[in-house]
Amino acid sequence: MAMLQTGLQEIETAEELKNVINEYENVMVCCGRMGPMCIPVYEAMEELEEERENVKFFTMAFDSPESDIIKGDPACAGFMGLPFTMYYKNGKTAHATSSIQSMDQIKTVLDEKFGK
Amino acid sequence: MDEIFDVMIIGAGAAGLTAGIYTSRGKLSTLILNEGAIGGQMVLTNEVANYPGVEKTTGYHIASVMKKQAKDFGCKIKSNIKIDEYHLTEPVKKVKLADGREFRAYSVIMAPGGRPRSLNIPGEDKFKGTGISYCATCDGEFFTDKEIVVVGGGNSALEEAVALTNFATKVTIVHQFDHFQAFEHAVEEARNNPRIEFVMESSLTAFRGDQKLEAVTIKNLKTGETYDYPVQGAFIFIGYLPNTESLRGLVDMNSAGEIIVSPSMQTSEEGVFAAGDSIVKRYRQITTAVADGTIAALSAAEHVAGVKKKLQEAVLTPA
Ligand SMILES: Cc1cc2nc3c(=O)[nH]c(=O)nc-3n(C[C@H](O)[C@H](O)[C@H](O)COP(=O)(O)OP(=O)(O)OC[C@H]3O[C@@H](n4cnc5c(N)ncnc54)[C@H](O)[C@@H]3O)c2cc1C
């Protein structure tokens, strides 16, 4: 059952996440809650979804046990701030960030990892 | 950029969205330009229990409803934009965005609000998300059984420090003065909590660690002595700064960078109004931002009617 109220598509299972990152070359997933540090990231992603056709944007609920696949990703070791934002390229983790990120910070990662 | 909006609003927080609701409901064509996430500080607020007429809810919920109300009345909202240039002295005001787009309007309402003040000391950027946080409700659980510092001496710092003792084994409040600015009940609650310690008349000068935060450097402001204090987390609540840097020189401000307004929210520039946390005032709340936004909108509407009347008279009066 979907837990996040955003305009983005929510991934609900670990299986679904695996399928998505294998199906699409560039994927960004924001794993969080409906909280103050996460909402600005979802909002930025909603805007970017309209302009960046080379990237697929998703959310995943931090409180779902299915998101253990993200929490256990070695790229997230030491993360102590929501949301955990994941960038996947060709099925592999390309980058991850912890805590709130600005539009500029997200764009920088997208440009660097996925190209403009 | 042919269209001239009646009202252009800078900022989509409580003040800007309220102004947008009023002007667009009054049939004035309205554009809101917003740099960050729509809702501003409201979306930083997990629980709002003091907004009259609404029982306990989230700031995100209030912000979403305000945004929907504004849009339903025809208000246009553009978020995640960056304004590079302001031209406010002429009767038709103009702004230029970083992406080159330009927008014009007969009236402008400045509602850029504020943002959390950061310490701007070495290590702050490096450990954001791996030890440094600005939101206890969001990240408190990551600090379960850990020792942390809370920096600040206002209501937020003391209330959040108490909340964080539900997770952390020890919370040390570091404050630059010998007394707190918080309400007495908040100070008392913190003082009575056995997990809270106080380091007064001191400030942080650096965050230290390899991959994770391992210590903070504390400076005793009385003696000048500095020492490393081992912690695994730091929460920073040291107040807010008005988002008015880019407006300097355009409208009059006080020394704190807050915009000076008249009771009708008029700034020093004709046709330019201001509202919300960015203006000179004592209490910064959603209710006060909403009230300012309302007054600014009604004043802007009056100004726009005057400008349009003048333009009409100019057309009708033979040269
Ligand atoms: C953690 C926290 C808890 C709070 N709790 C409560 C509470 O329980 N009850 C209560 O009443 N109040 C509370 N407040 C205070 C309240 O949220 C604010 O007083 C109010 O939301 C301010 O609204 P505003 O519209 O003036 O500014 P903001 O909310 O700051 O909005 C300003 C908007 O303008 C944008 N902006 C800034 N500069 C520019 C620019 N140059 N161009 C375009 N856009 C720009 C910003 O990105 C932002 O979206 C709380 C605040 C915080 C931080």
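Going through the cross-link list A:K18/A:K71; A:K107/B:K96; A:K56/A:K116; A:K56/A:K107; B:K56/B:K78, which pairs have a Cα-Cα distance over 18 Å in this structure? Write down the numbers at each step before the final one.
On the way: A:K18/A:K71 14 Å; A:K107/B:K96 21 Å; A:K56/A:K116 14 Å; A:K56/A:K107 14 Å; B:K56/B:K78 29 Å.
Distance filter (> 18 Å) returns A:K107/B:K96; B:K56/B:K78.
Charged neighbours of B:V7, selected by a Cβ distance under 13 Å, balance to +3 (K, R count +1; D, E count -1). For segment A:38-107, applying the loop criterion from DSSP together with a ceiling of 11 other beta carbons within 10 Å to the GluC sites (Glu not before Pro) yields A:E53. Take the Cα of B:V280, step 7 Å toward its Cβ, do the same at B:E141, and the gap between the two points is 4.6 nm.
First check a/c for segment B:226-310, with a ≥ b ≥ c the square roots of the eigenvalues of its C-alpha gyration tensor; if it is under 1.5, answer rounded, and if not, answer prolate when a/b is larger than b/c or oblate otherwise. Before the final figure, lay out the partial values.
Details: a/c = 3.90, a/b = 2.49, b/c = 1.57.
Here segment B:226-310 falls in the prolate category.
Across the protein assembly as shown, Cα-Cα distances exceeding 32 Å account for 44% of all pairs.
Give the percent of DSSP beta bridges with both residues in chain B that are antiparallel, rounded to the nearest 5. Taking every DSSP beta bridge with both residues in chain B, the antiparallel ones total about 45 percent. Once you reduce segment B:62-135 and segment A:39-116 to the center of their Cα atoms, the two points are 23 Å from each other. In a DSSP loop and with at most 11 other Cβ atoms within 10 Å, the GluC sites (Glu not before Pro) in segment B:5-95 are B:E47, B:E55. Compute the helix-to-body angle for B:14-25: its Cα long axis versus the longest principal axis of chain B, expressed 0 to 90° and rounded to tens. Once rounded, one gets 20 degrees.
Kindly count the pairs of lysines across segment B:118-236 whose alpha carbons are less than 16 Å apart, treating pairs on different chains or eight or more residues apart as eligible.
On the way: B:K126/B:K212; B:K128/B:K212; B:K146/B:K170; B:K146/B:K212.
Lysine pairs meeting the criterion: 4.
Distances between placed amide hydrogens fall under 5 Å for B:E197 paired with B:V171, B:T172, B:I173, all partners being 5 or more residues away or on another chain.
Computed from phi, the 3J(HN,Hα) profile of segment B:51-60 under the Karplus parametrisation 6.51, -1.76, 1.60 (θ = phi - 60°) reads 8, x, x, 10, 6, 2, 8, 9, x, 4 Hz, with x in place of Gly and Pro.
Placing unit charges on C-beta atoms (Lys and Arg positive, Asp and Glu negative, everything else neutral), compute the dipole magnitude of segment B:95-159 about its Cα centre in debye, rounded to 20. Provide the component values of the computation, followed by the final result.
Working: 8 positive and 9 negative charges, 100 e Å.
Dipole of segment B:95-159, to the nearest 20 debye: 480 debye.
Put simply, when B:134-141, B:187-194 are sorted by average Cβ atoms within 10 angstrom per residue, most first, you get B:134-141, B:187-194. Starting at the first residue of segment B:222-238, write each ³J(HN,Hα) from the Karplus equation 6.51 cos²θ - 1.76 cosθ + 1.60 with θ = phi - 60°, in whole Hz, x for Gly and Pro. Along segment B:222-238, the couplings run 7, 9, x, 5, 10, 8, 8, 10, x, 8, 10, x, 9, 10, 10, 9, 10 Hz. For segment B:233-294, applying the loop criterion from DSSP together with a ceiling of 10 other beta carbons within 10 Å to the chymotrypsin sites (Phe, Trp or Tyr not before Pro) yields B:Y283.
Name the shape class, rounded, prolate or oblate, that the alpha-carbon gyration tensor gives for chain A, where a ≥ b ≥ c are the square roots of its eigenvalues, rounded holds for a/c under 1.5, and otherwise prolate holds if a/b is larger than b/c and oblate otherwise. The partial results should precede the final answer.
Numbers: a/c = 1.25, a/b = 1.12, b/c = 1.12.
Taking the square roots of the gyration eigenvalues as a ≥ b ≥ c, chain A is rounded.
Of the residues A:M86, A:L48, A:G72, the one whose Cα sits farthest toward the positive end of the charge dipole of segment A:9-106, with +1 on the Cβ of Lys and Arg and -1 on the Cβ of Asp and Glu, is A:G72.
Within 10 Å of each Cβ in B:32-42, how many Cβ atoms from other chains are there, averaged over the peptide? Kindly include the intermediate steps, with their values, before the conclusion.
On the way: counts 0, 0, 1, 2, 5, 12, 3, 4, 0, 1, 2.
Shielding by partners across B:32-42 averages 3.
Helix B:286-316 and the longest principal axis of the Cα set of chain B meet at an angle near 20°.
Please arrange B:I121, B:I81, A:I70 by counting, for each residue, the other beta carbons lying within 10 Å of its beta carbon, fewest first. Before the final figure, lay out the partial values.
On the way: B:I121 14, B:I81 19, A:I70 24.
Lowest to highest Cβ neighbour count: B:I121, B:I81, A:I70.
Ignore the peptide's own chain and count Cβ atoms of other chains within 10 Å of each Cβ in B:129-140; give me the average, rounded. Please report the intermediate quantities before stating the final value.
Working: counts 15, 7, 4, 3, 7, 5, 8, 0, 5, 11, 8, 0.
Per residue, the average neighbour count from other chains is 6.
Excluding B:L213 itself, what net charge comes from residues whose Cβ is under 14 Å from its Cβ, given Lys and Arg +1 and Asp and Glu -1?
Details: positive: B:K126, B:K128, B:K146, B:R208, B:K212; negative: B:E124, B:D125, B:D139, B:E147, B:D210, B:E214, B:D228.
Here the count lands on -2.
Go ahead and run the numbers for FRET between B:N50 and A:E112, Cβ-Cβ distance against an R0 of 56 Å, rounding to 0.05. Plugging the Cβ-Cβ distance into 1/(1 + (r/R0)^6) gives 0.85.
Suppose only helical runs count, i.e. DSSP H with n ≥ 4. What mean residue ellipticity at 222 nm does that imply for the protein assembly as shown under -39500 (n - 2.57) per run, divided by all residues and rounded to the nearest 500 deg cm²/dmol?
On the way: 10 runs with 118 residues, N = 435.
The helix-only estimate for the protein assembly as shown comes to -8500 deg cm²/dmol at 222 nm.
Bridge orientation summary for segment B:118-236: considering DSSP beta bridges with both residues in this region, about 45 percent are antiparallel.
What average count of beta carbons from other chains do you get within 10 Å of the Cβ of residues in A:31-37? Please list the in-between numbers first.
Details: counts 0, 1, 3, 5, 10, 15, 9.
The per-residue average across the peptide is 6.
When you restrict to C-alpha pairs under 8 Å that are six or more residues apart and normalise by the size of segment B:118-236, the relative contact order lands at 32 percent.
Bear in mind that the values in this text are calculations on the coordinates, not laboratory data. This structure is a prediction, so every number in the text was calculated from the model and none was measured. Positions of Cβ are generated from backbone atoms using ideal geometry, with glycine treated the same way; all protein chains shown enter the neighbour counts.
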